[in-house]
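Read the structure below first, then the notes.
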Amino acid sequence: VIRRGPSVTHLAIGRQRQMGRRDSRNGEHYYTYHHLVTTSEEPSLMALRLDVHCHDPQKITLNEGHGSKELVYVTKGTVQVQWTNKEGTLRESVLNEGDSIFVWPNTPHSFTALNAESPAEIIAVNYD
């Protein structure tokens, strides 16, 4: 017997949107956010495609962290991720195309595109 309930038969489709939301910090254009699929059944799920515009790690400003978990996958280019650990120490690592990371809730972090000649893009999925 195969039972199909709402969790098996329902799906949500995200359509490509022309315009994204720009994020700037201290006058520096950091990202353009493109929301992927959303669903009212999972309101804490936020999937984004981000164009990473900031190319100067010296101009980086970390976000304040957010209350959700975050899975990040680099789809184009090379990015530097910076974050602060529990002791408040600034850490950094380079992520290449195909690399991924997990960001714990409330961890201040940011991404920088390391090659100004080549676009950088990441997929970020935030969830509780």
Checking Val37 against (1) among the hydrophobic types (A, V, I, L, M, F, W, C); (2) in contact with a Gly (Cβ under 7 Å, 6 or more places away or on another chain); (3) open to solvent by 30 Å² or more (accessible area, probe 1.4 Å); (4) at pLDDT 95 or above, which single condition isn't satisfied? (4)
Anything in the range 16-63 that is of a type in the set (Lys, Arg), more than 20 Å from Asn115 (Cβ to Cβ) and in a strand (DSSP E or B)? List them, or say none. Arg21, Arg22, Arg25
Out of all the residues in the range 77-87, is one or more modelled with pLDDT of 95 or more, touching a helix residue (DSSP H, G or I) at 6+ places or on another chain (Cβ under 6 Å) and either outside any loop (DSSP other than H, G, I, E, B) or surrounded by 14 or more Cβ atoms within 10 Å (Cβ to Cβ) (or both)? yes
I'm told Ser7 meets every condition in (1) polar (S, T, N, Q); (2) at pLDDT below 85; (3) open to solvent by less than 80 Å² (accessible area, probe 1.4 Å) except one. Can you identify the failing condition by its number? (3)
Meets criteria (surrounded by 13 or more Cβ atoms within 10 Å (Cβ to Cβ) and either touching a residue at least 40 places away in the same chain (Cβ under 8 Å) or closer than 23 Å to Ala12 by Cβ (or both)) for Val52: yes
Out of Glu92, Glu121, Glu70, sole residue that is on the phi < 0 side of the Ramachandran plot and either open to solvent by 70 Å² or more (accessible area, probe 1.4 Å) or at pLDDT below 95 (or both): Glu92
Taking the conditions exactly as written (touching an Asp or Glu at 6+ places or on another chain (Cβ under 8 Å) and open to solvent by 40 Å² or more (accessible area, probe 1.4 Å)), does Pro108 satisfy them or not? no
Taking the range 40-49 as the region of interest, how many residues are open to solvent by 50 Å² or more (accessible area, probe 1.4 Å) and either of a type in the set (Phe, Trp, Tyr) or in contact with a Leu (Cβ under 9 Å, 6 or more places away or on another chain) (or both)? 2
Checking Thr32 against (1) at pLDDT 95 or above; (2) at negative phi; (3) not charged (D, E, K, R), the condition it does not meet: (1)
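The values are calculated or read from the model by the stated rules, or taken from the named source; none is laboratory data. Just so you know, these numbers come straight off a predicted model, no measurement behind them. Backbone-built Cβ (ideal geometry, glycine too); neighbour counts: all protein chains shown. Side chains included, ligands, DNA and RNA excluded: accessible areas come from the protein's heavy atoms. Shrake-Rupley method; radii C 1.70, N 1.55, O 1.52, S 1.80 Å.
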